[in-house]
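Colleague: Below you'll find the structure I mean.
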Amino acid sequence: MVIGQAPGPVTHREGTHFPGPAGRTLAGWFEAAGFPPSQQHKWPHLSAAWLSSLTRCFPGPSASGNGDRAPSTKEMALCRPYLDEEIEAVDPDVIVLVGAMAIRAFLGPGKLDDIVGQRFEWNGRAVIPFPHSSGVSRWSNLPENKAKVADAVALLRAERERLGL
């Protein structure tokens, strides 16, 4: 199960999570972890992962007009019971957290530097944090952080192999 921050405008319109460049980056991470691409869906690894987010709807554009507005604490709290029910229904062995907001929601506060590239447990499930895949953040472009993302991909590969996927 992949959990991101919130649906973007295209997701909101079309009902497909991670439909643009962020989805291509995310799909690249899954391919690098050995998941085969599928031609049946807009997001090529939909058959390998259930895609979700902390909130159910697009929070709107940011006040500056650059990018999307981050969901508020209240919005995330309102949507959390739905996400918890979704996790219960899907019953994933592995949860991939995409972006700092999703990471904080499940693992608490911390720096991406200390979290990405590590494996955690949450309610008996493996949790593998990744930075946001949109590329907007400069964090992912620093060489030392590219190594952390590669470590996270290796952890995802190990979980895929452990589960025989």
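Colleague: Between a residue in the stretch 118-142 that is over 19 Å from GLY20 (Cβ atoms) and without any contact (Cβ under 8 Å) to a residue 60 or more places away in the chain and any residue that is of a type in the set (Lys, Arg) and not in a loop (DSSP other than H, G, I, E, B), which pairs come within a Cβ distance under 9 Å, given they are 6 or more apart or on different chains?
Modeller: Filtered contacts from the stretch 118-142: GLN118/LYS148; ALA126/ARG162.
Colleague: Are any residues in the stretch 62-104 free of Cβ contacts under 8 Å to residues at least 12 places away in the same chain, within 22 Å of SER134 (Cα to Cα) and surrounded by 11 or more Cβ atoms within 10 Å (Cβ to Cβ), and if so, which ones?
Modeller: SER62, ARG69, ARG104
Colleague: Part of a loop (DSSP other than H, G, I, E, B), surrounded by fewer than 13 Cβ atoms within 10 Å (Cβ to Cβ) and not polar (S, T, N, Q): which single residue out of PRO36, PRO59 fits that description? Give the derivation first.
Modeller: Numbers: PRO59 fails: surrounded by fewer than 13 Cβ atoms within 10 Å (Cβ to Cβ).
The match here is PRO36.
Colleague: What helices (runs of 4 or more DSSP H) completely inside the stretch 90-165 contain at least 1 residues that are basic (Lys, Arg) and touching a Gly at 6+ places or on another chain (Cβ under 6 Å)?
Modeller: Answer list for the stretch 90-165: 143-163.
Colleague: Of a type outside the set (Gly, Ala, Ser) and at pLDDT below 85, is that true of ARG24?
Modeller: Numbers: of a type outside the set (Gly, Ala, Ser): yes; at pLDDT below 85: yes.
When the stated conditions are applied, ARG24 passes them.
Colleague: Looking at this structure, is ASN123 at pLDDT 85 or above and polar (S, T, N, Q)?
Modeller: When the stated conditions are applied, ASN123 passes them.
Colleague: Something else about it: So is ASP151 modelled with pLDDT of 95 or more and surrounded by fewer than 13 Cβ atoms within 10 Å (Cβ to Cβ) or not?
Modeller: no
The values are calculated or read from the model by the stated rules, or taken from the named source; none is laboratory data. Predicted model, so just to flag it, every value in this text is computed and none were measured. Glycine also receives a Cβ, built like all others from the backbone with ideal geometry; neighbour counts cover every protein chain displayed.
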